[in-house]
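Here is the structure we will look at, set down as structure tokens.
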């Protein structure tokens, strides 16, 4: 980003990076301590949900940015890009799901949808900016 | 929506960044409004009018009129 960050963007980054660090730390912690360890079912639920919590937090942080942003033009650009990325993600997830049914592609865990969304969001931001140039 | 932002800025010797600072928005926002790619909300249009000491209709042209 060539321009100076505004307060809403600074707050977004200040929330985003610690949450991503927490996500990586939880994943590393679980892999180091619990890989191959026999655990009761209730504990597995906790371990399975734990890495999802910071990712859900990131989604909330993205939403918070939209409500924090006081520059209405930037807010509109981000909202457009988010909608486009959501559409792309849902389209890919739907098509992939049917391809899985036809045994054309290997099974993918549903959490990959967030990775696809992030990639689509990056592309969408570029597209929205280019379209308004 | 057509507008006189470029002319009004030039009269005052302000760059887009100067106007953006006065409006507390990004330079991209000023550029998008100025080039007619983005129609500002009523609060932003009032802010623009206030900065130039004019009425909204002295700055923005009603395409439908």
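Here, each number is a calculation from the coordinates, and none is a lab measurement. This is a predicted model, so every value here is computed, not measured. All Cβ positions, even for glycine, are placed from backbone atoms using ideal geometry, and neighbour counts span all protein chains on display.
Please state the shape class of the range A:1-70: rounded when a/c is under 1.5, otherwise prolate if a/b exceeds b/c and oblate if not, all from the C-alpha gyration tensor.
Verdict is prolate for the range A:1-70.
Relative contact order for the range A:41-133: what is it in percent, counting Cα pairs under 8 Å that are at least 6 residues apart?
The value is 34 percent.
For labels at residue B:1 and residue A:49 in the simple 7 Å Cα→Cβ model, what's the distance in nm?
It is 4.8 nm.
In the range A:42-80, whose amide N lies under 16 Å from the spot 7 Å out along Cα-to-Cβ of residue A:28? List them in ranges.
A:51
Pairing the Cα long axis of helix A:72-101 with the longest principal axis of chain A, what angle in degrees results, from 0 to 90 and rounded to the nearest 10?
Once rounded, the angle reads 40 degrees.
Note the full-extension length gain between residue A:80 and residue A:99 as 0.36 nm times their separation in residues minus their Cα-Cα distance, in nm to one decimal.
Gain on extension, residue A:80 to residue A:99, equals 4.0 nm.
For a quick check, take a GNM of chain A with Cα springs below 10 Å and name the residue from A:74, A:104, A:123 with the largest mean-square fluctuation.
Ranking A:74, A:104, A:123 by mean-square fluctuation puts A:104 first.
Between the helical axis of A:7-34 and the dominant principal axis of chain A, each derived from Cα atoms, what acute angle in degrees is found, rounded to the nearest 10?
Helix A:7-34 sits roughly 10 degrees off the main axis of chain A.
Name the residues of the range B:47-63 whose amide N is less than 17 Å from a point 7 angstrom out from the Cα of residue B:18 along the C-beta direction?
Under 17 Å, as judged by backbone N against the label point of residue B:18, lie B:48-54 of the range B:47-63.
Taking 25 Å as R0, compute the FRET efficiency from the Cβ-Cβ separation of residue A:59 and residue B:27 and round it to 0.05.
0.25
Looking at the square roots a ≥ b ≥ c of the eigenvalues of the Cα gyration tensor of chain A, which shape do they give, rounded for a/c under 1.5, prolate if a/b is larger than b/c, or oblate?
Oblate.
Have a look at A:58, A:49, A:92 and tell me which one the Gaussian network model of chain A (Cα, springs below 10 Å) gives the largest fluctuation.
A:49
Taking Cα atoms, how many degrees apart are the long axis of helix A:52-68 and the longest axis of chain A, rounded to 10 and kept between 0 and 90?
Taking Cα atoms only, the helix is inclined about 10 degrees.
For chain A, set up a Gaussian network in which alpha carbons nearer than 10 Å are linked by springs, and say which option among A:39, A:108, A:13 fluctuates the most.
Maximum fluctuation in the GNM of chain A, among the listed residues, is at A:39.
Shape call for the range B:5-58 from the C-alpha gyration tensor, a ≥ b ≥ c root eigenvalues: rounded (a/c under 1.5), prolate (a/b greater than b/c) or oblate?
rounded
Take every Cα pair under 8 Å in the range A:1-70 that's 6+ residues apart, average their separations, divide by the length, and report that relative contact order as a whole percent.
Relative contact order, the range A:1-70: 59 percent.
Any idea what the relative contact order of the range B:5-58 is, in percent, if you count C-alpha pairs under 8 Å spaced at least 6 apart?
Computed over the range B:5-58, the figure is 25 percent.
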